[in-house]
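The structure appears right after this line, and notes come after that.
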Amino acid sequence: MTTPGQPPAAEQPTTAPPRPLALITGVGRTVGIGAGIARRLAASGWDIAFTYWTPYDRRMAWGEERGATAAIEASLTEHGARTAAIEADLIDPDAPARVFDEAERRIGPVTALVLSHAESVDSGLLDTTLASFDRHFAVNARATWLLIREYGLRFRSPAGSGRIIALTSDHTVGNLPYGASKGALDRITLAAARELAHLGVTANVINPGPVDTGWMTDELADLLTRETPLGRLGTPQDTAHLVDFLCSPQGQWINGQLLKSNGGAA
């Protein structure tokens, strides 16, 4: 029976389950890998909080993309996602806690942490400065540790749903501070697969290989294309599809892995 004035049971309105929240770092440009991941996860039913830091883009060759943050948020809301864009300089050791505070205040607890931020300035063994070395390790390694620590201390989602995914690189020659700090990122992230096991959280690292988001010269892009068996460069979408799978229930058995998603590039 139905109460007078109420629709039959089959017509009762249903409430959609709440969307989980993914926190993605390093989402500063619409063409970047971080933005590609954010769009893919939003389409798969996630709410998205993301960090950006335009002063980094300003000092890089590609420069600041004006209006990028608003454009990214608009692309996410098209998929029904709630969004929180959080400006954060991850060289600041207090920034990770503030980022989580803001994400929780504006949306809710974080279920997936995707680490897509990077300090990346080429220099080698003989010309790297102390300041550059320290800056790379502060952003790529220390901030990764502090973000994972905040995630572990605050995690409240059901066991088996939590995900940590970090993006890495295998650069070595001519990339001393970047390559070395990414190596440290690998070890920190993979340690979480064991140390956060009591939370039912998985932790993996992805090496996306050569992805041109505006930093390659034409000559370098041509060389890397010829060296990739599939005959093309990677795209942000290539990486985003793997992140999406790892964040899904179907990806929950993959844990503690460094995965190469690079088209077979050497």
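The values are calculated or read from the model by the stated rules, or taken from the named source; none is laboratory data. Here the structure is a predicted model, which is why all the values come from computation and not from measurement. In this analysis, Cβ positions are derived from the backbone assuming ideal geometry, glycine residues included, and neighbour counts consider all displayed protein chains. Note: accessible area is taken over every heavy atom of the protein model, side chains too, but ligands, DNA and RNA are not part of it. Shrake-Rupley method; radii C 1.70, N 1.55, O 1.52, S 1.80 Å.
Note on the chain: with charges restricted to the Cβ of Lys and Arg (+1) and Asp and Glu (-1), its dipole about the Cα centre is near 720 debye. A dipole drawn for the range 93-174 from +1 and -1 charges on Cβ atoms has a positive end, and of Ser132, Ser157, Val173 the residue lying farthest that way is Ser157.
Put Thr69, Thr172, Thr239 in order of accessible area, highest first, and with a 1.4 Å probe you get Thr172, Thr69, Thr239. Tell me the carbon and sulfur percent of the accessible area for the chain, rounded to whole percent, probe radius 1.4 Å. Carbon-and-sulfur percentage of accessible area, whole number: 56. Exposed loop positions in the chain were taken to be trypsin sites (Lys or Arg not before Pro) whose DSSP state is not H, G, I, E or B and which have at most 10 other beta-carbon atoms within 10 angstrom. Between these positions, the longest stretch is 67-266.
Stretched out straight at 0.36 nm per residue, the stretch from Arg226 to Lys260 would grow longer than its current Cα-Cα span by 10.4 nm. Accessible surface calculations at 1.4 Å, restricted to protein heavy atoms, place the range 167-262 at 52 Å² per residue. For the range 42-104, rounded, prolate or oblate, judged on the Cα gyration tensor with a ≥ b ≥ c (square roots of eigenvalues), a/c < 1.5 rounded, else prolate if a/b > b/c? It comes out oblate by the Cα gyration axes. Pairing the Cα long axis of helix 236-247 with the longest principal axis of the chain, what angle in degrees results, from 0 to 90 and rounded to the nearest 10? Roughly 50 degrees between the two axes. In this structure, Ala197 and Thr129 have a Cβ-Cβ separation that, at R0 = 51 Å, corresponds to a calculated FRET efficiency of about 0.85. Exposed loop sites are taken as chymotrypsin sites (Phe, Trp or Tyr not before Pro) in a DSSP loop (any state but H, G, I, E or B) with at most 14 other beta carbon atoms within 10 Å; the longest stretch of the chain without one runs 63-214. When you restrict to C-alpha pairs under 8 Å that are six or more residues apart and normalise by the size of the chain, the relative contact order lands at 19 percent. Taking the Cα centre of the range 1-152 as origin and assigning +1 to Lys and Arg Cβ atoms and -1 to Asp and Glu Cβ atoms, the resulting dipole is close to 280 debye. Remark: the Cα gyration tensor places the range 115-161 in the prolate category, a/c being 1.5 or greater and a/b exceeding b/c.
Accessible surface for the range 1-155, divided over its residues, is 49 Å² per residue with a 1.4 Å probe.
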